[in-house]
């Protein structure tokens, strides 16, 4: 089978298309014929050699963790009824034509939902839905979303509004601001413009009960004062290179509850529930998935450049099936 492999830690150029032996499903597993593979920013950071304490991979390896596809074969002890079903799953090494997964990790794709859209929800649909539960976003809350035009940010805007919150979306440039407005943001702020923090404070009516920081770095740190006393701040993103360096004295003095990336490690039962919910909402037309770019498996290097360059609005997805 064809796969994209990281040959060594480094830039996107270390990705290469290779031929590997087809995986074989073991007991309790299935073989998935991959249609599409999700991409997330942290995969580019792992490829570059960052966060090795958290992601102890050693090149050469096949990156990626989320796929959509069709069950091609089942291992011992697995109900044969799974064969031929359209599913999404988290796997080890999704940038490949085939992957194995425990049957317990499978979530059926609803009728009427295409596999490209389903793949785009494998990671971000779970994380966005779970994040709003963790931070207890409720009707009447004012919510600031940083990185609102990204794959997960676009979902957060819609899901927070659906929970009855007032949503202020922060992004860069007119195109991205127009998109998040279309998705339901009550107000927008351009973080590339001087004085964005004060404009955000004005749009929020003084502050936010919940700040969802999907950017990190100094931008995330600058948003901490926008959190009201007794508010909630989620520092879950680090595409800037690091999580937001929050002032611990301010956090303690104002009794702000801070959530980090560890708070988004959900038990498998929750992952299954949250995935099914996101897929169902998308199938019903209540949740729009924004896919900004699609690349074939043989152009994974270009896909990673698009993710790192942040020019694409929404998700970058790999088309593994060759239907592109």
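Quick notes on this one:
- Taking the listed residues 252, 218, 209, the one that is within 17 Å of residue 172 (Cβ to Cβ) and either touching a residue at least 12 places away in the same chain (Cβ under 8 Å) or over 20 Å from the mean Cα position of the chain (by Cα) (or both) is 218, with no other qualifying.
- Test for residue 103: is it farther than 20 Å from residue 296 by Cβ, crowded, with 21+ Cβ neighbours inside 10 Å, in the same structural domain as residue 24 (by TED's automatic domain parsing) and in contact with a helix residue (DSSP H, G or I) (Cβ under 9 Å, 6 or more places away or on another chain): no
- Within segment 217-229, at least one residue is closer than 19 Å to residue 151 by Cα and buried (at least 23 other Cβ atoms within 10 Å of the Cβ).
- Options 184, 112, 164: the member that is within 17 Å of residue 282 (Cα to Cα), without any contact (Cβ under 8 Å) to a residue 40 or more places away in the chain and not in a helix (DSSP H, G or I): 184
Conditions (1) assigned to a loop (DSSP other than H, G, I, E, B); (2) within 29 Å of residue 43 (Cα to Cα); (3) in contact (Cβ under 8 Å) with a residue 60 or more places away in the chain, marked per residue:
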{"site": "127", "(1), (2), (3)": "no, yes, yes"}
{"site": "130", "(1), (2), (3)": "no, yes, yes"}
{"site": "136", "(1), (2), (3)": "yes, yes, yes"}
{"site": "175", "(1), (2), (3)": "no, yes, yes"}
{"site": "197", "(1), (2), (3)": "no, no, no"}
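- Residues of segment 221-232 that are part of a helix (DSSP H, G or I) and in contact (Cβ under 8 Å) with a residue 60 or more places away in the chain: 223, 226.
- Flag for residue 117 being under 30 Å from residue 296 (Cβ atoms), in contact (Cβ under 8 Å) with a residue 60 or more places away in the chain, not assigned by TED's automatic domain parsing to the domain that holds residue 293 and not in a loop (DSSP other than H, G, I, E, B): no
The values are calculated or read from the model by the stated rules, or taken from the named source; none is laboratory data. All values reported here derive from a predicted model rather than from experimental measurement. Counting neighbours? That spans all protein chains shown, and the Cβs are built from the backbone with ideal geometry, glycine included.
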